[in-house]
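The structure appears below as structure tokens.
The values are calculated or read from the model by the stated rules, or taken from the named source; none is laboratory data. Quick caveat, the model's predicted, so the values are computed rather than measured. Cβ: placed from backbone, ideal geometry, glycine included. Neighbour counts: every protein chain shown. What goes into the accessible areas is simple: the full protein's heavy atoms, side chains included, and nothing from ligands, DNA or RNA. Shrake-Rupley method; radii C 1.70, N 1.55, O 1.52, S 1.80 Å.
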4 protein chains.
Amino acid sequence: MIQTNLFKGIIAYPITPFDAQEKVDIPLFKTLTERLVQSGAHGIAPLGSTGVLPYLTEEEKEAVTTAAIQQVAKRIPVLVGVSHLTTAGAIRHARFAEKAGADAVMILPMSYWKLTEDEIFHHYEKIASNISLPIMAYNNPATGGIDMSPALLKRLLQIPNITMVKESTGDIQRMFTLRKELGEEVAFYNGSNPLALAAFTAGARGWCTAAYNLIPGLNNRLYAAFSRQDMAAARDVFYQQLELLQFIVAKGLPVAIQAGLKIQGIESGYLRSPLQPLSADDHQKLEEILGKLN
Amino acid sequence: MIQTNLFKGIIAYPITPFDAQEKVDIPLFKTLTERLVQSGAHGIAPLGSTGVLPYLTEEEKEAVTTAAIQQVAKRIPVLVGVSHLTTAGAIRHARFAEKAGADAVMILPMSYWKLTEDEIFHHYEKIASNISLPIMAYNNPATGGIDMSPALLKRLLQIPNITMVKESTGDIQRMFTLRKELGEEVAFYNGSNPLALAAFTAGARGWCTAAYNLIPGLNNRLYAAFSRQDMAAARDVFYQQLELLQFIVAKGLPVAIQAGLKIQGIESGYLRSPLQPLSADDHQKLEEILGKLN
Amino acid sequence: MIQTNLFKGIIAYPITPFDAQEKVDIPLFKTLTERLVQSGAHGIAPLGSTGVLPYLTEEEKEAVTTAAIQQVAKRIPVLVGVSHLTTAGAIRHARFAEKAGADAVMILPMSYWKLTEDEIFHHYEKIASNISLPIMAYNNPATGGIDMSPALLKRLLQIPNITMVKESTGDIQRMFTLRKELGEEVAFYNGSNPLALAAFTAGARGWCTAAYNLIPGLNNRLYAAFSRQDMAAARDVFYQQLELLQFIVAKGLPVAIQAGLKIQGIESGYLRSPLQPLSADDHQKLEEILGKLN
Amino acid sequence: MIQTNLFKGIIAYPITPFDAQEKVDIPLFKTLTERLVQSGAHGIAPLGSTGVLPYLTEEEKEAVTTAAIQQVAKRIPVLVGVSHLTTAGAIRHARFAEKAGADAVMILPMSYWKLTEDEIFHHYEKIASNISLPIMAYNNPATGGIDMSPALLKRLLQIPNITMVKESTGDIQRMFTLRKELGEEVAFYNGSNPLALAAFTAGARGWCTAAYNLIPGLNNRLYAAFSRQDMAAARDVFYQQLELLQFIVAKGLPVAIQAGLKIQGIESGYLRSPLQPLSADDHQKLEEILGKLN
């Protein structure tokens, strides 16, 4: 039977670092992933949007998948992003992830042409029937270009191994509606950083975040305060980190996290074009924001 | 010195009822207002959007203002809506409300032509300089047609008697940003019903709501659970009332409240055209929603 | 039988000027209206959005209505704006306009609360049954806050004296769809200045414009070139005036026209608050744009 | 020197057909391309959005590129889509297209993460410096997820071999502004089917369209009528085809064209998942639309 309660708390998203020639740097990826585990993350999610999944070749995606699973070594569960524009491409990667030992896969319905609800359902169904891992259906119109309604997400949950939903529209009303539609038992996760406090209030089981690369302590304290129902403390630590959460979302997670790590003295490699380093002004702004947090 | 802590908790918005000839029914207005006071509201706000302020003549607005203040009779504070498309019109009504004994006035920058930030500031400043009551600046682009940024709201708070902000965009991220911009001391209020739970989490001092006409008990329990930091109870009672909150916002507050009161066996009069009674389908839907709550 | 072909070509919209005390200046209104007639307008439309209809009292609206009709004196047809938030208010003004000798009235479904399609239909039907003048249904979500679909506009045309449609969404695709839905015979008018060239191409019978206050010669030449099917000339004169058309829409017609007239040495009075004169920067920009056109 | 006037009139976009196993069907692609040439197209553009470029592997893109160039055999110019999420990927394909004999390449800034203007400029600049072919910069936020402003497009035209702009926002005001910003000499192309008539009026040098697969005669007649300045005929033939143009855009070009060809008795192969055949209802609707055109 499929385990649906694997993920809760804070699921951390590592970046995929590149070397100066824009090749994937696997050793550095392992180092950065290790930091996340040691900081106390409850789960690790390689090859998310933060991990620039769509910018990688098939071979690179396989290498990162393997590296993440080996490095984490079952200490905490690993959720591998396997989204692909084509159904066949997603199946190929999902099967690889399963063999490599992933605990679950995350799938965003990437779009070039907008997909109908039936096309989306068919896409998930075909992938799901090719693996036995639990699947997290991921809604993020800002990157994927498709907005899945609560009703469609509910329909997807009829597919046996689709057991989790990640909501990243950034609209708390959507999350309330989703929870109302799905019922109390279904695990849903927040993927919108500036919603962190409100999403836990709404009943989210976890927070999927790249911010954990930069401020694991503040993220941990927010979750802890909420868990012990100390709302004043939760609100206080949330407002402390809000500016950073808004900044990394506004500037794009891979670019902002890569810069933020460098500012903190942590090697974070290079980006792959067309992504370019944060502009000088934004870099200074990020230094100021991080400076206030230390 | 201006009192800024007058309003907290639940500020209830009465409808303005009409008779069969579409004339304002002042006795019925008093009866409906009395119900809100006796249900335990912490404040009363006549002539809000729910009270169809913009559909009334000057004489009618004065009559409703007077009736509300007399009926409440200082038991709880009264916040009178005095918004008007012209600056002169808003000043006239605000001065009347002050003389009549209002505790504060609420002002939405109504628009036909979009106003610049300077025009909005000038509008508020001129009104504020004509009265000594505290003013609640009210942002509601869906009805007023103007969206005031957190930065503009912060600027408005430099005007001495503008001491409160009501945010009704329905976007919790906006509310988080507003709170961050204004600082912890400034009183801000939530005007978006489906945000009720999240807004208190964000630090809102009060909830401005027309739902109190229909479900005062559930509204009271939500505020009580949040106040004692019982988040599980708060979440539970919030999800119980969410469908109703979404319904009344989707259908328009004056129309939905008038119908809901009738369904509950409470005389609620008629609407003024162009507003028409809820359609038969929506009426039945509302009966079902209210039925589940009793 | 209702005359449906009254209006074609360029229908000019006068501003409503105020004196230094913000009172309506009727003599100046007549002078400005006379200029439009003498410049060759094919129709005059007082109390449109340009004429700040919603900012006026009932008495002021009646005075402007009478003044326009007297001044034009049947030389060209007069289309009076009678939109009002309430149905009763619109009926009152429409009946006044009819008695005063208007050739047609224009009605925008103004909204505070969003109206359902049935409420909008009912609003128009009640007004229409109270007058025998032809009515132009006017769609302008940017000012009125309601967007009437082509299907609803088609439905409105079933009401006998609603014979004209004015489309101001600014979306040429909407206009194409509208023309396709309504058929070739129905007169539709363009109310979006930057669409002028494309709207005539789409089959619009006329252009409703406040720009005629500032550049009647260029407006006339565009219409003339299009009428003789000289597309190169039409395109040329359109691109000459495009920057001005975009500017006055961006800054708001009453404010921009009032400033533009002053720049051209024509007395244009004052605005009514909350509207304020164009900012210094925008004033200079407008001087530059107008300078290039002379 | 780079030739900038290669493309004018109607540039036809072939679909990329698949076999029953979802493999690219090159022979069928050649047959379909030949039809477009023989129908009188002024240019051919393989691997556009219609050609589902992003759903193909590197090898497939190369095979389609070669097939198109071979089949057209210099009778009319060929414009090859070489967009790719990564800069390196776009360079690789652009160089291949140049060697294979393409006349020009078309590049859309595909996004997963939104790109800054500097990232987009850098992306184009690096690709442009790797080839000597003329480049058409292509703006289509609905598929690519990035909206390039007229100012950015103007900046891109500073790169020597970027000589053409294709605008597909569907907003004629944007096209007017673009033409005003770029000046009369710069070739811009319309990529929004329902804008066809208005775009030629605005000065577009050509119409990039997949509709040519289904209604080449009507497309030809529209261009001919416009070219001889017979606006009544142009409008008439435009409104004849508008419903089809709107339908194929609404349903997605690859899916709608594949179905439409089948309805017309032309072999069009299969789609690649997640794309699925038009639903039964939509298929019938398309039959009706096409039926009225024959």
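Enumerate by residue number the trypsin sites (Lys or Arg not before Pro) in the range C:184-278 meeting two conditions: DSSP loop (anything except H, G, I, E, B), and at most 11 other Cβ atoms within 10 Å of the site's Cβ.
Filter output for the range C:184-278: C:R228.
Quick check for me: using +1 on Lys/Arg Cβ and -1 on Asp/Glu Cβ, what's the dipole size of the range A:9-214 about its Cα centre, in debye to the nearest 20?
360 debye
Between beta-carbons, use under 11 Å as the cut-off and find the net charge around B:D230, counting Lys and Arg +1, Asp and Glu -1.
+2
A 28 angstrom limit on the alpha carbon distance is what I want to check against. Which of B:K154/C:K251; A:K126/A:K154; C:K126/C:K251 exceed it?
As for pairs spanning more than 28 Å Cα to Cα, those are C:K126/C:K251.
Taking a probe of 1.4 Å and counting only protein heavy atoms, give the total accessible area buried between chains C and B in Å², rounded to the nearest 100.
In total, chains C and B hide about 2700 Å² from solvent.
Starting from one equal scatterer on each C-alpha and no solvent at all, send me the Debye-based log10 I(q)/I(0) for the range A:139-196 at q = 0.16, 0.17 Å⁻¹, two decimals.
Here log10 of I(q) over I(0) equals -0.44, -0.50.
Output the pairs from D:K23/D:K262; B:K61/B:K99; A:K8/B:K180; A:K8/A:K99; B:K61/B:K114 with a Cα-Cα distance over 22 Å in this structure; if there are none, say none.
A:K8/B:K180; A:K8/A:K99; B:K61/B:K114
For chain D, the longest stretch holding no GluC sites (Glu not before Pro) located in a DSSP loop with at most 15 other Cβ atoms within 10 Å is which?
It runs D:1-183.
Mind running the shape call on the protein assembly as shown? Use the C-alpha gyration tensor, a ≥ b ≥ c as the square roots of the eigenvalues: rounded below 1.5 for a/c, prolate if a/b tops b/c, oblate otherwise.
Taking the square roots of the gyration eigenvalues as a ≥ b ≥ c, the protein assembly as shown is oblate.
Per residue of B:221-229, what is the mean number of Cβ atoms on other protein chains within 10 angstrom of that residue's Cβ?
Per residue, the number of nearby Cβ atoms from other chains is 1 on average.
For the residue pair B:I266 and D:E288, what label-to-label distance in nm results when each label sits 7 Å from Cα along the Cα-to-beta-carbon direction?
4.8 nm
Where does the range C:137-253 land on the Kirkwood hydrodynamic radius, alpha-carbon pairs, in angstrom?
Result for the range C:137-253 stands at 14.7 Å.
Have a look at B:N213, B:N139, B:N130 and tell me which one the Gaussian network model of chain B (Cα, springs below 10 Å) gives the largest fluctuation.
Highest fluctuation of the listed residues: B:N130.
State the Cα centre-to-centre distance between the range B:48-78 and the range D:218-292 in whole Å.
What the calculation gives is 58 Å, centre to centre.
Considering only DSSP beta bridges where both residues belong to the range D:9-215, give the percentage that are antiparallel (nearest 5).
5 percent
Using a label position 7 Å from Cα in the Cα→Cβ direction, what is the ascending list of nm distances from D:T57 to the same site in the other copies?
Nearest to farthest, the other copies are at 1.3, 7.9, 8.0 nm.
Along Cα-to-Cβ, 7 Å out, sits the label point; list in nm, shortest first, how far the one on B:K74 is from those in the other copies.
For B:K74, the other copies' label points sit at 6.7, 7.5, 10.0 nm, shortest first.
Tell me, what % of the accessible area of the protein assembly as shown is carbon and sulfur with a 1.4 angstrom probe?
In the protein assembly as shown, the share of accessible area belonging to carbon and sulfur is 50 percent.
Treating cross-link reach as a plain straight distance, find the aspartates and glutamates whose alpha-carbon is under 16 Å from the alpha-carbon of C:K285, omitting any fewer than eight places away in the same chain.
The reachable aspartates and glutamates, counting only those whose Cα sits under 16 Å from C:K285, are C:E243.
Taking beta carbons within 10 Å but only from partner chains, what does the mean come to for residues C:241-248?
Mean inter-chain Cβ contacts per residue within 10 Å come to 2.
If you take every DSSP beta bridge fully contained in the protein assembly as shown, what fraction is antiparallel? Give it as a percent rounded to 5.
Of all bridge pairs located within the protein assembly as shown, approximately 10 percent are antiparallel.
Name the chain C residue nearest the rotation axis between C and A, going by Cβ position, and give the distance in whole Å.
C:D147, 10
Take chain B, connect every pair of alpha-carbon atoms lying under 10 Å apart with a spring to form a Gaussian network, then pick out the residue of B:P216, B:P109, B:P274 with the largest mean-square fluctuation.
Taking springs between Cα atoms under 10 Å, the residue moving most is B:P274.
List the equivalent ellipsoid semi-axes of chain C in whole Å, largest first, each obtained as the square root of 5λ for an eigenvalue λ of the Cα gyration tensor.
For chain C, the ellipsoid semi-axes come out as 27, 24, 18 Å.
Can you run the Rg to Rh ratio on the range D:43-172? Use alpha carbon positions and the Kirkwood inverse-distance Rh.
Taking Rg over the Kirkwood Rh, I get 0.94.
Given charges of +1 on the Cβ of Lys and Arg and -1 on the Cβ of Asp and Glu, with all other atoms neutral, how large is the dipole of the protein assembly as shown about its Cα centre, in debye to the nearest 20?
Dipole of the protein assembly as shown, to the nearest 20 debye: 0 debye.
Quick one: accessible area per residue over the range C:83-161, 1.4 Å probe, rounded to a whole number of Å²?
So the range C:83-161 comes to 35 Å² accessible per residue, rounded to a whole number.
Could you give, in nm with one decimal, how far A:Q21 is from each other copy of that position, shortest first, with labels 7 Å out from Cα toward Cβ?
Label point to label point, same position, other copies: 3.5, 8.4, 9.0 nm.
Across peptide B:169-180, what mean number of C-beta atoms from other chains lies inside 10 Å of a residue's C-beta?
Rounded to a whole number, the mean comes out at 5.
Hey, if we sort A:D236, D:D281 by accessible area with the 1.4 Å probe, largest down, what's the order?
D:D281, A:D236
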